[in-house]
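Here is the structure we will look at.
Values in this text are rule-based calculations from the coordinates and carry no lab data. Fair warning: this is a prediction, and the values are worked out from it, not measured in the lab. Cβ: placed from backbone, ideal geometry, glycine included. Neighbour counts: every protein chain shown.
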Amino acid sequence: ANVTRLADYLPPAYLVPRTHLDVDIRDGHTLVTATLTLERNPARDDRPEDLVLDGEHLELLSLSLDGAALPASRYREADGRLTVFSVPERFQLTSVVRIEPEKNTALEGLYRSNGMYCTQCEAEGFRRITWFPDRPDVLSRFTTTVRADREHYPLLLSNGNPVASGEESEGDGQGGRHWVTWEDPFPKPCYLFALVAGDLACLKDTFTTASGRQVALHLYAEHRDLDKLDHAMVSLKKAMAWDERVYGREYDLDIFQIVAVSHFNMGAMENKGLNIFNTACVLAHPATTTDAAFERVESVVAHEYFHNWSGNRVTCRDWFQLSLKEGFTVFRDQEFSSDMNSRAVVRVENVNFLVNHQFPEDQGPLAHPVRPAQYQKIDNFYTLTVYEKGAEVVRMQHELLGAEDFRRATDLYFERFDGQAVTCDDFVTCMEEVSGRDLSGFKRWYSQAGTPIVRAEDTYVDGLYSLTLSQHTPATPGQADKQPLMIPVKLALLDPRGKPLALNDQGDTETVVILERATQTFSFPLPVKPTPSLLRGFSAPVILRYDFDETQLQTLLAHDSDGFCRWDAAQRLYFSALARIIEQGESAEQQLERLRPALEGVIRRAAEDPAQAALLLTLPTETAIGDRHAPLDPARVHRAAHAFKVALGRALDEDWRRLAESLREPEYRADGDAMGKRRLRMLALSYLGLAKADGIADDLQRTFRDASCMTEEIGALGILVSNGLDGAETALEQFAERWRDEALVMDQWFAVQAAVPGPATVARVKALMSHPDFEWTLPNRVRALIGTLVNGNPSAFHAEDGSGHRLFAEALKTLDAINPQIAARLGNGAARLDRLREDLSTSLRTALSEVREGASANLAEVLDRILG
Ligand code: DPP
Ligand code: ZN
């Protein structure tokens, strides 16, 4: 296989100070004329004489150097490379290629989606548009002319500012053609190039920057979706103001554009001045969009906007440094969301996601460092580790330096590296210079894979409390030996009534200790033996092992002022109750009775913060429970989790009914308070649904019918369907009838059905694969149906008859021929193979081995790592 290694990095042989593209969109094909101004890179003293460019799926029609056509003997085209022999120090190279966007189902490069043309170039899609040194450390000033039929594509967009436009004399049969030229004054790597041609509606607004410049904000979507752009616009303006206030970063072009596209591999893309978004991450309307999706739109709009500085103005030297822009930008968007919403709730949601998705990645066959050392396909490294763990690594630096020094360090970073392509080390160096700290040990977080385990043990003797922390990171594939990391552990020590004790003479009740060696002991003189509140705010991405007794956990859950520690205490209580059911065969009712007082305490205080109460009262997913038991037996986990939830529904029946009733709002509101109430109300209804409480089917049917917003409508539908309650099938039909023309809503309809636990769902998913609205070429739809089965429904995916595994293999094969990136991403869903009960593991292995033959490079890399 073709492996790229960080250790082999060499600067580019040639630089491309200027690029002019002429993209002529025709029916059935597009002609791309690229004129590159090239010069030898002075940083390469080996003075390479040949120019090597990247290209895929290009039909080369002509090639000329400084205006003279090159004879075939002067260049060679092979294996995705175009080598031009013996080129001068500086010259212009013009290539004309023919591409076929209409046939591009991989959704990389230029492609068609619902009648419009758009691009996706990160990471290596630009090479499907023209011959170019497709690597992030080649920054070029682009001008782009887009030509197309005026009637069908009245809108022609690219990066930067529009500088000229006109009609074409030649007609195309159906009316005139036109063109627009865009100029982007900022040098950028080609992965940030974008182009759109279509007939779209536009929501316009403006933003005045801190220095008084007016920026035009244009949000584009299909005409029918124009009423779904308001939330994105509001979010964008908040993000622009926030980045000025918190990071001193102003927007730098006259226009900022977002285009919504239905066929999209990722969530969204930060192309300079022309973000392209998956419709799922930009469109929002209460009638069609859940509250959770509203929050997602806010954070993704902000994320892509923040990339304008963290990613675009300062970019990555090579793709190993991906986390330089992604980890930092995720940290930025998380903090933005925390400032716009409830900080405690946002933090718990982010941690919950990390712990339940990134931790398993870091502990399985796909584990890799935040800064990987090698890859076959970089597309496979847009991972939770690079993004979410990368964000935690930046967060720890923020903690270590404090907000003020961190800001000084980011100012230095943006100033020093503006217009450059740099590394994670460059980022940390700024932190070191500003703070005067030596962070060389800290940098291991970037190079060492695996989730560290921190064990805490304590003693209380003669008024002295001693806390001994030790760390250990288990081996990961290709990295057997691990070094100690620098781990900041924020802590408080609570008295028996849950009040934090003074830790020093100044009366501080919270402190951060730094664990840098394998084992260290920290001591505090205290009047009583405390309950430790450890890793507050989740101060480091580690697994904390401490032998909490049940009283301590109940104290933390009831009294801790730290939102994460409260939630973590609840999770620990749930996990141990479930373990006693799974491992010791104890009854769910008995376990529930043990927890009951603590849960009633949470419910009593629910009105203080309904969203937080909902988080505290939500059980871990079956996937998360399964990850704590070996070997993994999804059916058994499902039985236990289901029994426990039913017991919880029954035991607190009156509480759930009261919450479901009292949290009902007379009319729809979009604010955080209303969202929190809806969340807790839907959770209460779900426990009643699980318990099949008297009259609940009627209640849910009514909620479904009279819903004030999609959160209630899909919420009620999901509860009816997953519990097989009366009216479920009718509701499904009505829903499909009502929403058949709304793709994002239909995604939810597919997902709700794929989420029903139990083996029978496999047949249902199989049937839905033949539904007229199921499309293999639409990533959102594939993720909704097959992704939900594979990643969110272990007791169906791992059905004992192997049917889920066979369906998975079939789906991978079909998908791989259409869109290898999406196939490989779906393939990640098999990562627990070696943890499964033996018969299940064998069945999954057999199914996957068959797919491996003839798999794309993307999918092959993933399968090889999983199959071992
Ligand atoms: N568009 C993806 C993101 O923003 C990749 N850059 O994370
Ligand atoms: Zn990003």
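Brief remarks follow.
- Modelled this way, with points 7 Å down the Cα-to-C-beta line, the labels at Cys202 and Glu810 are 4.7 nm from one another.
- For Glu100 and Gln420, the FRET efficiency from 1/(1 + (r/R0)^6), where r spans their Cβ atoms and R0 equals 45 Å, is about 0.80.
- The range 306-455: C-alpha gyration tensor shape, a/c 1.5 cut-off, then a/b vs b/c: rounded
- The chain: calculated mean residue ellipticity at 222 nm from DSSP helix runs of at least 4, using -39500 (n - 2.57): -12000 deg cm²/dmol
- In the structure shown, the pairs Lys204/Lys228; Lys237/Lys272; Lys204/Lys238; Lys325/Lys482 are assessed against 20 Å; a Cα-Cα span above that value is assigned to Lys325/Lys482.
- Across the range 830-838, rounded Karplus estimates of 3J(HN,Hα) from the backbone phi angles (6.51 cos²θ - 1.76 cosθ + 1.60, θ = phi - 60°) give 8, 4, 8, 2, 6, 8, 6, 3, 4 Hz, Gly and Pro being marked x.
- Sorted peptide list for 339-346, 817-824, criterion being average Cβ within 10 angstrom, highest first: 817-824, 339-346
- Centre separation in Å (Cα based) which lies between the range 1-38 and the range 499-528: 56 Å
- Highest mean first, the peptides 718-728, 533-543, 411-421, 51-61 sorted by other C-beta atoms within 10 Å per residue fall in the order 533-543, 718-728, 51-61, 411-421.
- Three-way shape call for the range 4-306 based on the alpha-carbon gyration tensor, with the a/c threshold at 1.5: prolate
- The packing ranking of peptides 393-404, 760-771, highest mean first, is 393-404, 760-771, where packing means the average number of other beta carbon atoms within 10 angstrom of each residue.
- Taking a sphere under 13 Å around the Cβ of Glu183 and counting the other residues whose Cβ falls inside, with K and R at +1 and D and E at -1, yields a net charge of +2.
- Segment Ala630-Phe85, extension gain: residue separation times 0.36 nm, minus the distance between their alpha carbons: 190.4 nm
- Full-extension gain in nm, Glu853 to Ala480, via 0.36 nm per residue minus C-alpha separation: 131.3 nm
- Between Asp547 and Asp653, the modelled label-to-label distance comes to 4.1 nm, taking each label 7 Å out from Cα in the direction of the beta carbon.
- Cα-based shape type of the range 740-868, given that a ≥ b ≥ c are square roots of the gyration tensor eigenvalues and the cut on a/c is 1.5: oblate
- Between the range 136-166 and the range 399-421, the C-alpha centres lie 33 angstrom from each other.
- Between the range 709-741 and the range 424-488, the Cα center-to-center distance that results, in Å: 48 Å
- Label-point gap, in nm, between Asp45 and Ser73 - each point 7 angstrom along Cα→Cβ: 3.6 nm
- Where both bridge residues fall in the range 257-384, DSSP classifies roughly 25% of the beta bridges as antiparallel.
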